[in-house]
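The values are calculated or read from the model by the stated rules, or taken from the named source; none is laboratory data. All values derive from a computational prediction rather than experimental measurement. Cβ placement follows ideal geometry from the backbone for every residue including glycine, while neighbour counts extend to all protein chains displayed. Ligands, DNA and RNA are stripped out before the accessible areas are found, and what is left, the full protein with its side chains, is counted by its heavy atoms. Shrake-Rupley method; radii C 1.70, N 1.55, O 1.52, S 1.80 Å.
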Amino acid sequence: MGEIKLFQICYEGELTAGVSHAMQRLGAEPNFDQSWLVWLSEERHAAPLVRWLRSQIDLDARLLVACTQFTTSRDFLLIRHSLTPDADYSELRDAIERLGIVVALPFESTFVVQSDDHTDVQTLGRALGELCPDDALMVTGVNHDWAYCDEGVSRMYVAAAPDALQFRTF
């Protein structure tokens, strides 16, 4: 039997029956506010998942798919909070920025951070959770295999130089 990988899917947009049906077809399980986990074979990658999911969602929705990395030597941190109306997330976002390089993404509540901080994600989650106004926060380690789409355009992270963040449109 082959190895399997765990992918984290984060969605920002109107949660429709089509989105729910697409997640069911993948076998994804909800794990946070408009986020799902799905176990897939080791041959699977984030970009083809984004390509397929993009065809199932509204054009103005945003979607991120990342392969989870369970070690403290992870490539990135994936941080996501809920969006409570009128809540002030400024302290939390300041703390996220202090963790490292926050990748410029078109998301309101989803952040990918390239960080040298190798604290385990549970400890980071507890610390950041203290700054989250609604106590709804997810912190996960992810590797270099991640991709996202926004307004029908998809981009995948390309591991190039360690000091440069590069993306390829697909």
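Hydrophobic (A, V, I, L, M, F, W, C) and within 21 Å of E14 (Cα to Cα): which single residue out of L99, L77, L92, L49 fits that description?
Values: L99 fails: within 21 Å of E14 (Cα to Cα); L77 fails: within 21 Å of E14 (Cα to Cα); L92 fails: within 21 Å of E14 (Cα to Cα).
Unique residue meeting the criteria: L49.
Filter segment 32-49 down to the residues that are open to solvent by less than 50 Å² (accessible area, probe 1.4 Å) and more than 12 Å from the chain's Cα centre (by Cα) and list them by number.
Within segment 32-49, V38, L40, S41, A47, L49 qualify.
Just wondering, is there one or more residues in segment 81-90 that are open to solvent by 40 Å² or more (accessible area, probe 1.4 Å) and among the aromatic types (F, W, Y)?
no
Of all residues in segment 7-17, count the ones that are in contact (Cβ under 8 Å) with a residue 40 or more places away in the chain and more than 23 Å from H144 (Cα to Cα).
3
Applying the selection to segment 1-53, what residues are among the acidic types (D, E) and under 22 Å from S109 (Cβ atoms)?
Restricting attention to segment 1-53, the residues satisfying the condition of being among the acidic types (D, E) are 3, 12, 14, 29, 33, 42-43.
E12, E14, E29, D33 - these are the residues of segment 1-53 that are among the acidic types (D, E) and under 22 Å from S109 (Cβ atoms).
Are there any pairs with C-beta distances below 7 angstrom linking a residue in segment 149-170 that is touching a residue at least 40 places away in the same chain (Cβ under 8 Å) and open to solvent by less than 80 Å² (accessible area, probe 1.4 Å) to a residue that is among the aliphatic types (A, V, I, L, M) and part of a loop (DSSP other than H, G, I, E, B), with the two at least 6 apart or on different chains, and if so which?
Hits for this filter: G152/L59; L165/V103.
Results for (1) modelled with pLDDT of 95 or more; (2) over 23 Å from D135 (Cα atoms); (3) among the aromatic types (F, W, Y), shown as yes or no for each residue.
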| residue | (1), (2), (3) |
| --- | --- |
| L37 | yes, no, no |
| P48 | yes, yes, no |
| I57 | no, yes, no |
| L63 | yes, no, no |
| L77 | yes, no, no |
| T84 | no, no, no |
| R93 | yes, no, no |
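Cβ-Cβ under 8 Å, sequence separation 6+ or interchain: first residue in segment 107-125 and over 27 Å from E14 (Cβ atoms) and in contact (Cβ under 8 Å) with a residue 12 or more places away in the chain, partner open to solvent by less than 50 Å² (accessible area, probe 1.4 Å) and in a helix (DSSP H, G or I). Which pairs?
Taking only residues 6 or more apart or on different chains, the pairs are S115/L99; D117/L99; D117/L124; L124/L99.
What single numbered condition from (1) in a strand (DSSP E or B); (2) over 19 Å from M156 (Cβ atoms); (3) among the basic types (K, R) fails to hold for K5?
The one condition K5 does not meet is (2).
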